[in-house]
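Please treat every number below as a calculation from the coordinates, not as lab data. Computed from a predicted structure; not experimentally measured. Cβ: placed from backbone, ideal geometry, glycine included. Neighbour counts: every protein chain shown.
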């Protein structure tokens, strides 16, 4: 018998928890987006990617930006975990990763970013060899298949380690590797559930795109709150076992 809450139940919980909290959550997202977007634009505008050295610098800076974003993502995980536990939240909670456990957060984020960048190599190679690929349909087909395989692997790995920051918050004594292993263990048999939940938000994400991204300031809190409740439901079932 499946004792886990359904996707609809998790979303209902999230909706109730978000009432009266959107101001704080939108403000937190605004700060995160502004900081990361500014750094990303500087990387894009001021680094020459037409040379090999420029490409290396561009991806090195992108890696650093991802680490910065990871600190914010950890802070957001803290906010939504508190929200799911009916605790008071503040915008200051967003900076929890900067003041507490920053070394562990950076190490976990570095591992996840490296995995994602490695799985993104086929995309990079294709983007720099478009003319040659267009002239050879068979090679193009092979590249498309490889890209799809790597993309699926990226999704699966992101699901496997999706609970890392929540575990880090719940178990501050865990090392980065223990956090990653812990996420791997608790997501056994639950990756499909989380993937289904993520897919169910696609209509809202498309709606957010139609609003030039502004709608995401309200959609993302709903999505992240649902994910935080998924984690608590996951741990509740595990503790019963």
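How would you order 70-81, 174-185, 85-96 from highest to lowest mean count of nearby Cβ atoms within 10 Å?
So the peptides 70-81, 174-185, 85-96, ranked by packing, come out 70-81, 174-185, 85-96.
Dividing the alpha-carbon Rg of the chain by 2.2 N^0.38 Å yields what? Don't skip to the answer; put the middle values down first.
Working: Rg = 19.4 Å, N = 241, 2.2 N^0.38 = 17.7 Å.
This ratio for the chain stands at 1.09.
So for segment 66-210, averaging the separation of alpha carbon pairs under 8 Å that are six or more residues apart and normalising by length, what relative contact order in percent results? Spell out each step's value before the answer.
Working: 102 pairs, mean separation 32.0, N = 145.
Over segment 66-210, the number comes to 22 percent.
Would you mind calculating the gained length between residue 102 and residue 214 on full extension (0.36 nm times residue separation, minus the Cα-Cα distance), in nm to one decimal? Each step should come with its number before you reach the end.
Details: separation 112, 0.36 × 112 = 40.32 nm, distance 2.98 nm.
Taking residue 102 through residue 214 to full extension adds about 37.3 nm, to one decimal.
Among 132, 151, 39, which one shows the highest mean-square fluctuation when the chain is modelled as a Gaussian network with alpha-carbon springs under 10 Å?
Result for the chain, Cα springs under 10 Å: 132 fluctuates most.
Pick out which of 45, 25, 68 has the largest mean-square fluctuation in a Gaussian network model of the chain, springs linking Cα atoms closer than 10 Å.
45
Which distance in Å, rounded to a whole number, links the C-alpha centroids of segment 96-130 and segment 65-81?
Spelled out, the Cα-based centre of one part sits 14 Å from the other.
For the chain, find the longest principal axis of its Cα atoms and tell me its angle to the long axis of helix 7-18, 0 to 90°, nearest 10.
Helix 7-18 and the main axis of the chain meet at about 70 degrees.
What do you get for the angle between helix 22-46 and the principal long axis of the chain? Use alpha-carbon atoms, 0 to 90 degrees, nearest ten.
20 degrees
Relative to the longest principal Cα axis of the chain, at what angle does helix 216-240 sit, 0 to 90 degrees, rounded to 10?
60 degrees
Can you give the extra length, in nm with one decimal, that the chain gains between residue 37 and residue 91 once fully stretched, where that is 0.36 nm per residue apart less the Cα-Cα distance?
Full-extension gain reported as 17.6 nm.
Under the classification rounded if a/c is under 1.5, otherwise prolate if a/b is larger than b/c and oblate if not, where does segment 89-209 fall, given a ≥ b ≥ c as square roots of the Cα gyration tensor eigenvalues?
Values: a/c = 2.09, a/b = 1.87, b/c = 1.12.
Since a/c reaches 1.5 and a/b is larger than b/c, the shape of segment 89-209 is classed as prolate.
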